[in-house]
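Structure first, commentary second.
The values are calculated or read from the model by the stated rules, or taken from the named source; none is laboratory data. Values in this document were obtained by computation on a predicted structure and should not be read as measured data. Cβ: placed from backbone, ideal geometry, glycine included. Neighbour counts: every protein chain shown. All accessible areas refer to the heavy atoms of the entire protein, side chains included, with ligands and DNA or RNA removed. Shrake-Rupley method; radii C 1.70, N 1.55, O 1.52, S 1.80 Å.
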Amino acid sequence: MSVTGARARTQSRVTVGGLRLGRTAVVMACLLAAVSVSGCRDAREIESVGFVLGLGIDETADGRVEVWAQVALPSAKPAEEEKQHSWTETSIGDTVWDALRQLNNRSTKVLFRAHVRALVFGERFARGGVARALDVLARDGQFRYKSWVFVTSDPVGDVLGVETKQSSSAALYLDDLMRNTARSSTAPRSRFLDLLTAIEQPGDQPLLARVSLAGPADGGGQPEGEESTAEAGRAGRDQGAGGPEGAESAPDTEPKELRVEGSAALCGDRMAGWLDAEETAMALMACNRLPAYSFVMPMPGDEGGTIGFEMIRSHADTLFPKGIHTGHAAGLVTEVVIRITGTVDIREVLSSEQLMSMQSLDRLQAGISRHLEAGIRRLVDAAQNRLGCDVISIGECVRRRVPAKVWEEDVAPTWHDQFRAIAIVPEVHFEVGKRGMTMQSPRPVD
Amino acid sequence: MVRPTWDKGVFTVRLLRRLARVGMRRPRMMLGRPLLPLEEVADGIGTAAPGAEDSEASRKAGAAPPDSPIPDTLDGVERRLRDLLGKSSPDVIMRRVVIWTNPEIDAMLFYIEGLASRDVVNLVALRSVMLAERVPAMDAGALGRDNIASVFMTHIVPSGQIAVLPCIDKVVDHVLTGEAALFIEGARECVVFEAKGWEHRGIEEPHTEKVVRGPREGFSELLRANTALVRRRLRTPDLRMDSTKVGRRSKTDVVIAYVEGLTNPRLVATVKERIDHIDTDILPDSGLIEEFTEDYPYSPFPQMQYTERPDRFCAGLSEGLVGIIVDGSPMALMAPGNLASFFQSPEDYYERFPYGGPLRALRFIAGVIALTFPALYVAISLFHQEMLPTKLALAIAGSHVPVPFPVLVEALLMEVALELIRESSVRLPDPVGQTMGFVGALLLGDAAVSAGLVSPIMVIVVAVTGLASFTIPHYPTGLAIRLLRFLLLFLSAALGLFGLMAGLMAIALHLGALTSFGIPYLEPLMKPRPSLRDAVWRSAVFTFNKRPEYAEPLDQVRQKKFIRTWAPGVAEMARKESREGGDGGGEDGGEKGSRGR
Amino acid sequence: MGDRPGHGSRDEIYYTQIVVITAMIVFATGFLAAARVLVPVAGTAAWISVLIGGAFGLGIAVLAGYLAARFPDHSLVRMAERVFGAPLGKLIGLTFAAYCTVVLGLGSRESVLAMWIAFLQTTPPVLISAVFYVLIIYAAYLGIEAIARVSLIFFSLVVASLLVLTALASPVAVPGRLLPIVGNGLGPVMRAGFLAASYAGESIVVLAFIRHLKDKRGASRAMATGVATGMAIMAVATGFGVMMLGVRGISRVTFPVLETARMVGFGQFLERAEILFLALWFSAALLKLATVFYASITSIADVLGLRDYRPLIIPYALLGAALSLIPKTVLETFDYLNAFVRYSVWYTIALPVVLLAGAVIRGLREGGNDVRDRGAG
């Protein structure tokens, strides 16, 4: 309605520099000028943006922070070679922000962290406390919550500098690796988001995926337990001089592949230790975060041989005894039952036992359950004794059941100690689902 | 008005001259003949009120200008006509005849060659007065000066539309619209009869609103042909066509069409009032009426619909709109317009529902794309690179590396180039124009990319935008969107998506306040009601049982609620409905059930 | 306000538009940071406290609706004048205008802050504020009808975006973080509910222009529906915030809902779409502020006895812009916000209660012989 009103108003003329303009025109001109002059500061031309694809953070021998950034170099030509050229640079500073600042100074483009695919922490830095890096990254509006987070015992620079045949830069390679769901059984799909939210609750500690260099001849899994810690420690000390001897069998000039297997367990924000592939899978299963898992086990019964499974569905419940909710015993947990149910598919049978009878199936199911129970017990043992922190999120279950005040004041400060003393009893019941297209193995008659 | 001029001396002289002229008997103006007094011009509803100060002054003085009666002698008539029309216009024909009465009477036939049809003049006038057998039986002596013309009108001249006029200036007016006059020696009146027959473009396919399926008749420049097209499609006696003349010198016929008993009388009165207020020299096209009568002429958005198709015109009339047809223009206007109507094309209705609905929705989406796509691209690539998927971001960055310009300049370059191509291809002759448009666009895009002036992604963005803007059926709306696109481009280059949103908000607020003849522009999109069935999406034709309400028609019911009662489920629903007697909703549901079979 | 060309003035708002306007007033500027205000008090039960606040707000809205039904063609100031006489009525009108001004300043500050911190980091916030206020001025010139129409369109877009957000967030959200259900305890939840009622209480702003509603009998229902919708949206936003971030996480971040939007993505190709959401929410905030602005200046115009409120627009806009720039840092803004949330509820309860009580006691209704009734204007 007041377009007419506004028009009537502009009949009053304003003389500006000899020109007779309506008042509205003057206001619009001023506004437009103000907007275009001051508003353009935020604009970044896209070719002057340095897209950081991968970020690596580690600690040097003298306690300073070293940061690697893998920046993409987009080219005008279409991707004939399918290679995304990138440039990796490192700098050392007192804190993460300091190092980032110096990196920025050395780069021709403005470093833009919104496309970081992979964030790799060195073991030394992780053991010292990851929270040192979290503040910068959480405060930064650019950083993606969905970036993958890794911990590595190899030199971070080497990890990011890998030139793989499978993909272009290492960060994109890691991103592609993690998207493959098969990976999720041997390594947790750890994102920055999980790290950020879980780190604040003592009952819900994150597991971070482990990435390591793997030479072309290297086949087996990672060394377990204290060995790897010691070696990794040594590796952390020799910057750039080559990785731990266990993992490398070739000179460091040869390009390596990357392997994502196992995980690092955090207690608070400090790394407590490594978990190997099987332990990681068990931990994820107990927390209900395991989408799929493949394993091979000896065939139960007398016939011998092995049988291979793929677990497609599992569900874990944590059962507490009564009385945890109320009273002064609230939060005092002495025994917990973890009940896991699920379904497995038979993928491979290498045995004379062909599972053609109901009894054999029952035996098989019992055998699977025993096998998995043993795995969980091993994990619980590692968590309570070797690592000393709650990686199976029992604390989170407790938090959901007790009043918030009780959790915050009584239980949470001492949860890890309490955790070490809890008797955790796994109960596993798995069923056999599909058998595939064949009922029996094709074999010659003997 | 006396215009102030810089030189006071000239000013004074002019003022004195004007004052001196007032007392003259025949006031002369700069450009021609004196104007007719108001009462003489009044014809039909509404008068074109000439605002010249002379006639104004004389009107205020209260004195009516003297009547200009027909001179007694034919020579006097001829002299008078030559005075009025110029001494030697080759197309002004004054043909003396002798009427074969007893005794013989002299007469003069007066018409404009080119306006009057030769056949009509020859057959109707000349033949009837010169050769008809009845004529000799007339006793001319018995007829007096006053009634001889009427007798001729009723007995002699065989024409369907015929009248007698006593005033020669009015006769000239009529002859200038294509009629012919028969002056009789000694008669006080003159016989004026219909003889229109000029060259005109026949009924052709409309140039601007082509459809794949549907009638291919379009309006032409001839008013009578257009009204005939309308009458053929709406054969109700309630169809009213009120005529008026607009334009001081052109005296263009303007017809206001509406359906009595359906169209809201207030709307009709408003339209008529606004057209009456128009005071202009000539009216070459209906577009000027649009600008004279719309609520907000400064808004970029059009507020009246126009169409070249009689079927669309009649559909509008049947929804309660008021139609305006202008002589000499093939574009008929319809008032009021609203935003949803500008995205409708008649093809929506002629094609079946499964295509009609999505097509209309697609057009709305295309409208939004045409408005915001370049601005969105500029905003994201300048401010919000985190929104892009990484591979796309790297691809855009890579394609942008050789380009020397910032993104905004690149976008402006391409948009301006596209506009140039569009404008130039409109003006080039047909065969050249199409090729030039196509080739120009291709060459420009390709060459620009090869030269490294623009990135290929920008070319795609601009091309998609151009295509989207062409899907809008109503050309002025497309123009408005083109204009606003530039504004949004600047805003988004300055403030990113925030600026884009601010611009869109401003446009939305403007649209929210816009009215067309008092009816809000966004009306059909407002609350859920039956007219929404036809706004963004077209529901099935048999669900349109209520008329759209935005024009506030008097009669809301358009068709029965359940039409397809031969289908089993529908008959049941109709029976249930009539048993309940109420207005249960969900005829859609009922119809859907029957459609599913 | 009826000098529109065309056949007759149509300064009318429909029932649906009142619902939408009320809903937008309730949630548009508040829901970004509501979790931050409520979670420290109520813990994981913040969403329950929002619902409790909504219940309070329903009561306020119903009372306001009754008041509007009692005086169908009066604006708020006129109502107050009729009930309490001219001087006291004008004073009440001025307090109403003051309340609206505070809402305007605080709301615009919050929205500008969200936009500034999240995206336009080097642009001076004055400029963002200026763009806001230019649009508000334009909307105020155009009148409440235009605002209402545009609100309907943008509200549907905002609701659609929130639905999309919840759909995308569901796979990532951890419902377990909402446990324990009672949060920090019943007492704190009720306290937080009372704080949340201040958001719902902002709906009394509608009283300034509800006389434009065509059918006043639906006023109560419309306002109540609007308040319920707005608070439901806030509850969902708060709940999802807790689910995605956890209690500690919420206390850590500045704008929880914005962080929630940052965390979700649609497949690989649309991962950081929070700017789209923010742009839509900015439009909702703008419409809310335009409505509040309009309510305020019409009240001031009524108090001063002006026939047309338009001359007041630019001075009042400058006042609002200046007020919104008073809190200079984020911390100050949240301080003001906390204070507002604690104390404004009393005013929003008091206003309709006092007026309604006065009208009932004095037995006043619309239609009495009051020469001061100037009717629509």
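Okay, residues lined up against (1) open to solvent by 60 Å² or more (accessible area, probe 1.4 Å); (2) part of a helix (DSSP H, G or I); (3) out of contact with any Asp or Glu (no Cβ under 8 Å at 6 or more places or on another chain):
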position	(1), (2), (3)
A:336	no, no, yes
A:366	no, yes, yes
A:378	yes, yes, no
A:381	yes, yes, yes
A:386	yes, yes, yes
Item checked: Qualifying positions in region C:82-95 - over 16 Å from residue C:363 (Cβ atoms) and open to solvent by 10 Å² or more (accessible area, probe 1.4 Å) -> C:86, C:87, C:88, C:90, C:91, C:92, C:94, C:95
Margin query: Which count do you get for residues in region B:501-515 that are open to solvent by less than 10 Å² (accessible area, probe 1.4 Å) and facing chain C (nearest Cβ under 8 Å)?
Written below: 6
Check: Somewhere in region C:264-279, is a residue closer than 21 Å to residue A:140 by Cβ, aromatic (Phe, Trp, Tyr), open to solvent by 10 Å² or more (accessible area, probe 1.4 Å) and within 11 Å of another protein chain (Cβ to nearest Cβ)?
Finding: yes
Item checked: Single condition residue C:145 does not satisfy, out of (1) within 30 Å of residue A:405 (Cα to Cα); (2) within 12 Å of chain A (Cβ to nearest Cβ); (3) among the charged types (D, E, K, R) -> (1)
Margin query: From the list A:159, A:110, exactly one residue is modelled with pLDDT under 90, open to solvent by 10 Å² or more (accessible area, probe 1.4 Å) and among the aliphatic types (A, V, I, L, M). Which is it?
Written below: A:110
Check: Among C:38, C:58, which is open to solvent by 10 Å² or more (accessible area, probe 1.4 Å) and closer than 25 Å to residue C:224 by Cβ?
Finding: C:58
Notebook entry, point to check: Across region C:323-334, what is the number of residues that are under 19 Å from residue C:97 (Cα atoms) and more than 20 Å from the chain's Cα centre (by Cα)?
Noted result: 1
Item checked: Residues within region B:400-425 that are open to solvent by less than 20 Å² (accessible area, probe 1.4 Å) and at the interface with chain A (Cβ under 9 Å from one of its Cβ atoms), tallied -> 3
Check: Given the conditions (1) touching a helix residue (DSSP H, G or I) at 6+ places or on another chain (Cβ under 6 Å); (2) not in a helix (DSSP H, G or I), and given that residue C:308 satisfies all but one, which numbered condition is not satisfied?
Finding: (1)
Item checked: Within region B:260-271, tally of residues that are open to solvent by 30 Å² or more (accessible area, probe 1.4 Å) and within 14 Å of chain C (Cβ to nearest Cβ) -> 3
Item checked: Every residue from region C:319-334 that is touching a residue at least 40 places away in the same chain (Cβ under 8 Å) and open to solvent by 40 Å² or more (accessible area, probe 1.4 Å) -> C:319, C:323, C:325, C:326, C:330
Notebook entry, point to check: Which of (1) surrounded by 14 or more Cβ atoms within 10 Å (Cβ to Cβ); (2) modelled with pLDDT of 75 or more; (3) within 11 Å of another protein chain (Cβ to nearest Cβ) is the odd one out, the single condition residue A:30 does not satisfy?
Noted result: (1)
Notebook entry, point to check: Among C:177, C:221, which is the only one that is open to solvent by 30 Å² or more (accessible area, probe 1.4 Å), in a helix (DSSP H, G or I) and either in contact with a Gly (Cβ under 6 Å, 6 or more places away or on another chain) or within 18 Å of residue C:53 (Cβ to Cβ) (or both)?
Noted result: C:177
Margin query: Within region A:310-329, does at least one residue satisfy the condition of being open to solvent by 10 Å² or more (accessible area, probe 1.4 Å), assigned to a helix (DSSP H, G or I) and away from chain C (no Cβ under 14 Å)?
Written below: no
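Residues being in a loop (DSSP other than H, G, I, E, B) and either open to solvent by 60 Å² or more (accessible area, probe 1.4 Å) or in contact with a helix residue (DSSP H, G or I) (Cβ under 8 Å, 6 or more places away or on another chain) (or both): count how many of those fall in region B:277-294.
Filtering region B:277-294 down to residues in a loop (DSSP other than H, G, I, E, B) leaves B:277-285, B:294.
Next cut, either open to solvent by 60 Å² or more (accessible area, probe 1.4 Å) or in contact with a helix residue (DSSP H, G or I) (Cβ under 8 Å, 6 or more places away or on another chain) (or both) only: B:277-284.
Residues meeting the conditions: 8.
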Margin query: Which numbered condition in (1) open to solvent by 10 Å² or more (accessible area, probe 1.4 Å); (2) modelled with pLDDT of 85 or more; (3) of a type outside the set (Asp, Glu) is the only one that residue C:118 fails?
Written below: (2)
Item checked: Qualifying position, being assigned by TED's automatic domain parsing to the domain that holds residue B:101, within 30 Å of residue B:265 (Cβ to Cβ) and among the hydroxyl-bearing types (Ser, Thr, Tyr), among B:177, B:244, B:227, B:236 -> B:177
Note to self: Looking at C:157, C:195, C:152 in this structure, which one is surrounded by fewer than 16 Cβ atoms within 10 Å (Cβ to Cβ) and more than 14 Å from chain A (Cβ to nearest Cβ)?
What the structure shows: C:157
Item checked: Filter result (within 14 Å of chain C (Cβ to nearest Cβ) and at pLDDT 90 or above) within region B:304-320 -> B:304
Checklist line | Looking only at region C:121-142, and only at residues there that are β-branched (Val, Ile, Thr), open to solvent by 30 Å² or more (accessible area, probe 1.4 Å) and without any contact (Cβ under 8 Å) to a residue 12 or more places away in the chain, the one that is farthest from the other protein chains (Cβ to nearest Cβ) | finding: C:134
Check: Is it the case that residue C:229 is hydroxyl-bearing (Ser, Thr, Tyr), crowded, with 24+ Cβ neighbours inside 10 Å and either assigned to a helix (DSSP H, G or I) or on the phi > 0 side of the Ramachandran plot (or both)?
Finding: no
Next item on the list: Just one of (1) charged (D, E, K, R); (2) farther than 28 Å from residue B:356 by Cα; (3) modelled with pLDDT under 85 trips up residue B:210, so point out which.
Entry: (2)
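Filtering region C:283-306 down to residues that are touching a residue at least 40 places away in the same chain (Cβ under 8 Å) and open to solvent by 10 Å² or more (accessible area, probe 1.4 Å), which residue is nearest to the other protein chains (Cβ to nearest Cβ)?
Filtering region C:283-306 for residues that are touching a residue at least 40 places away in the same chain (Cβ under 8 Å) and open to solvent by 10 Å² or more (accessible area, probe 1.4 Å), the one nearest to the other protein chains (Cβ to nearest Cβ) comes out as C:298.
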Next item on the list: State whether one or more residues within region B:457-480 are within 13 Å of chain A (Cβ to nearest Cβ) and open to solvent by less than 10 Å² (accessible area, probe 1.4 Å).
Entry: yes
Next item on the list: Residue by residue through region B:80-122, note down the ones that are among the charged types (D, E, K, R), over 40 Å from the mean Cα position of the chain (by Cα) and not in a loop (DSSP other than H, G, I, E, B).
Entry: B:96, B:106
Checklist line | Flag if residue B:453 is closer than 26 Å to residue B:383 by Cα, modelled with pLDDT of 85 or more and open to solvent by 50 Å² or more (accessible area, probe 1.4 Å) | finding: yes
Next item on the list: Spot the failing condition for residue B:355; the list is (1) at pLDDT below 90; (2) among the hydroxyl-bearing types (Ser, Thr, Tyr); (3) crowded, with 22+ Cβ neighbours inside 10 Å, and only one is missed.
Entry: (3)
